[in-house]
1. From the phi angles alone, apply the Karplus equation (6.51, -1.76, 1.60; θ = phi - 60°) to the range 77-85 and give each ³J(HN,Hα) in whole Hz, x where the residue is Gly or Pro.
2. Could you line up Lys31, Lys81, Lys12 from fewest to most neighbouring Cβ atoms inside 10 Å?
3. Using helices alone, what [θ] at 222 nm do you get for the chain, with -39,500 (n - 2.57) per DSSP H run of 4 or more residues, divided over all residues and rounded to the nearest 500?
4. Over every pair of different alpha-carbon atoms in the range 18-78, take the mean of 1/r and invert it; report that Kirkwood radius in Å.
5. Work out, step by step, the length gained on full extension between Asn82 and Arg123: first 0.36 nm times the residue separation, then minus their alpha carbon distance; give nm to one decimal.
6. Residue by residue through the range 23-30, what is 3J(HN,Hα) from phi via Karplus (6.51 cos²θ - 1.76 cosθ + 1.60, θ = phi - 60°)? Round to whole Hz and write x for glycine and proline.
7. Given R₀ = 25 Å, what would the calculated FRET efficiency be for Glu135 paired with Arg113, taking r from the Cβ atoms and rounding to 0.05?
8. Based only on other Cβ atoms within 10 Å, what is the fewest-to-most ordering of Arg113, Arg56?
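Coordinate-derived values only; no laboratory data. Predicted, not measured: the structure shown is a model, and the values here were computed from it. Glycine also receives a Cβ, built like all others from the backbone with ideal geometry; neighbour counts cover every protein chain displayed.
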Amino acid sequence: MQVNFYEQVDDKRLRFAVIVVRHKGKWVFCKHRERDTYELPGGHREPGESILEAARRELQEETGAAAFSIHPLCVYSVIGKNRVNESGEECFGMLYTAEIETFQGQLHSEMERVLLLDQLPTRWTYPEIQPRLVEEYVRRKNSI
């Protein structure tokens, strides 16, 4: 599995939005109803949806975020077969960063719960991809 980072690509190539999220100094992660692992909020872009709209929708559905700020960080790509890319060809997504101010009461997605963590999890849903996305977030944040 190979993860690459870019400043930009043609918008039509962006299929996924993933968001590195913080709330009051804590990491925000989701636990899917059918898995015992943790993941960053994110998902597929729907037809007719901008990549930012996809990121906002996924953040709200998967975390219950009510008030938040969200900003693009960079484009990422994954080469290699995985649960969401059966061909293994290079697949592109936009990596966002968000700060959640408030949460609404309930989740409207396949997520069972939201976790607020002081430390990054050890059991990732996508262990070859999502830790790399967080590392890139930290690297870029520290270089500002």
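1. For the range 77-85, the Karplus-derived couplings read 9, 10, 10, x, 6, 7, 4, 10, 9 Hz, x marking Gly and Pro.
2. Lys12, Lys81, Lys31
3. -5500 deg cm²/dmol
4. Kirkwood radius, the range 18-78: 12.6 Å.
5. Residue separation times 0.36 nm, minus the Cα-Cα distance, leaves 13.1 nm.
6. Ordered by residue, 3J(HN,Hα) equals 8, 6, x, 10, 6, 10, 10, 10 Hz.
7. Computed FRET efficiency for Glu135 and Arg113 comes out at 0.50.
8. Lowest to highest Cβ neighbour count: Arg113, Arg56.
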